[in-house]
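What follows is a short report on a single structure.
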Amino acid sequence: MEPLVITVAPTGSSTTREHTPYVPLTPEEIADEIFASRQAGAAVAHVHVRDAQGRACMDVAGFQRVVQLLRRRCDIILNLTSSGSVNDDPARPMSGLEEDERLGPLIALRPEMASFDAGSTNLLDRVFINHPAFLERLAQAMLEAHVKPEIEVFEPGFINNAIVLAEKGLLQSPVYFQFILGVSGALPATPKNLIHLVESIPRGSAWSVAGVGKAQLPMAAMAVAMGGHVRVGMEDNVYLRKGVLARSNAEFVKQMVELAEVLGRPVATVAEARRILGLPPLAEPPPRLPMPADLA
Ligand code: ZN
């Protein structure tokens with residue numbers, strides 16, 4: 001089996017300080033949590049940022065700050081969200097301005113990866129709209145900016161949407177899938193559903209699973225055993241175990257490293273993760289991994 005790629009998703013768009021006092025919200029807090037997660041064994045960081053009030057936003061300067069802080073410190077693969085503040089009025093199509101806002105960080109910063117939500121779904125108390133025309137525009141923008149899409153799958157039909165885009169030449173093989181299971185409004189996190197998704201993707205595709213809430217650990221355990229990869233962190237879950245809040249995102253990563261060890265699966269280095277995900281080596285690797293105190 002391939003080594004296990006651990007993605008940390010430290011913040012997301014909906015976790016608040018009321019859910020947990022430990023969720024990182026400022027660019028500095030987010031970068032610190034990602035750096036600690038890298039030290040613990042994560043190879044990829046899925047990044048959202050917040051505004052001064054703690055609300056999800058797509059502020060390019062916020063993403064830029066996180067990217068700069070991390071590129072000075074480590075080589076972790078950066079995967080920026082393309083959906084940090086989403087249109088949630090089903091009666092109103094996304095405006096061109098909102099589309100531009102969602103594309104902004106990946107065009108300006110050209111991260112190695114960005115999330116790509118390959119369809120629309122109910123999501124908690126919202127409708128998460130990803131119009132077919134917007135998906136084509138997003139795919140084209142990622143191709144031009146050399147950003148690898150992480151195909152986020154909330155429902156099985158999203159897989160076919162991605163296959164159709166690949167057939168049109170808008171997504172490049174191998175396609176990388178992230179199954180997000182257990183969100184209220186979308187596909188429940190069950191073993192049967194995960195197996196169905198894994199059996200539905202094109203041969204040769206890599207996949208990862210993010211179970212939401214109490215599904216995070218069992219879905220991750222299935223992925224470790226099946227040869228998939230895992231996403232953990234406070235975007236999806238705040239409890240390390242029943243009734244015990246994780247005090248940092250790195251605690252989730254450590255839990256995955258321990259799980260992989262128990263199940264006999266090696267954990268991917270960042271270089272191995274780049275190969276598994278079909279990314280080129282980092283052009284200018286950071287010369288060293290400085291300690292957090294190095295950062296003013
Ligand atoms: Zn996200």
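Residues in segment 107-147 that are closer than 25 Å to R71 by Cα and more than 18 Å from the chain's Cα centre (by Cα): A108, A141, L143, E144, A145. Within segment 39-80, the set of residues being open to solvent by 50 Å² or more (accessible area, probe 1.4 Å) and either in contact with a Lys or Arg (Cβ under 9 Å, 6 or more places away or on another chain) or more than 22 Å from L282 (Cβ to Cβ) (or both) comprises A52, Q53, R55, D59, A61.
Is it the case that G227 is surrounded by fewer than 21 Cβ atoms within 10 Å (Cβ to Cβ), modelled with pLDDT under 95 and more than 16 Å from the ligand (Cβ to nearest atom)?
Judged against the criteria, G227 is not a match.
Looking at G104 and the list (1) under 18 Å from the mean Cα position of the chain (by Cα); (2) among the small types (G, A, S); (3) at pLDDT 95 or above, which single condition is not satisfied? Of everything listed in (1) under 18 Å from the mean Cα position of the chain (by Cα); (2) among the small types (G, A, S); (3) at pLDDT 95 or above, G104 misses just condition (3). Of the residues making up segment 1-23, those that are within 14 Å of the ligand (Cβ to nearest atom) and under 26 Å from A268 (Cβ atoms) are T7, V8, A9, P10, T11, G12, T15, V23.
Inside segment 148-217, counting only strands (runs of 3 or more DSSP E) that do not spill past its ends, which hold 3 or more residues that are charged (D, E, K, R), at pLDDT 95 or above and surrounded by 19 or more Cβ atoms within 10 Å (Cβ to Cβ)?
Values: elements: 148-153, 176-181, 206-211.
So the answer is 148-153.
Only one of M222, M234 is under 24 Å from R55 (Cα atoms), touching a Pro at 6+ places or on another chain (Cβ under 7 Å) and not acidic (D, E). Can you tell me which? Sole residue among the options that is under 24 Å from R55 (Cα atoms), touching a Pro at 6+ places or on another chain (Cβ under 7 Å) and not acidic (D, E): M234.
Contact map, segment 36-62: first residue more than 15 Å from A250 (Cβ to Cβ), second residue within 12 Å of the ligand (Cβ to nearest atom) and open to solvent by 10 Å² or more (accessible area, probe 1.4 Å), Cβ cut-off under 6 Å, separation 6 or more or different chains; pairs are H48/S13; A56/S13; A56/S85; C57/S85; M58/S85. Among residues of segment 76-100 that are closer than 17 Å to D117 by Cβ, those with a beta-carbon under 6 Å from a residue that is within 16 Å of the ligand (Cβ to nearest atom) and at pLDDT below 85 at least six positions away or on a different chain give the pairs D88/R126; M94/N87; E98/N87. Residue pairs whose Cβ atoms lie under 8 Å apart, separated by 6 or more positions or on different chains, with the first residue in segment 237-249 and charged (D, E, K, R) and the second in a loop (DSSP other than H, G, I, E, B), are R247/Y22.
Got a sec? Which of L187, L171 is under 17 Å from S205 (Cβ atoms) and either acidic (D, E) or free of Cβ contacts under 8 Å to residues at least 60 places away in the same chain (or both)? Quick ask: steps written out before the conclusion?
Details: L187 fails: under 17 Å from S205 (Cβ atoms).
The conditions single out L171.
The values are calculated or read from the model by the stated rules, or taken from the named source; none is laboratory data. Remember, it's a predicted structure, so these values are computed and weren't measured experimentally. Every residue, glycine among them, receives a Cβ derived from its backbone with ideal geometry; neighbour counts consider all protein chains shown. Calculation scope for accessible area: heavy atoms of the full protein, side chains included, ligands and nucleic acids excluded. Shrake-Rupley method; radii C 1.70, N 1.55, O 1.52, S 1.80 Å.
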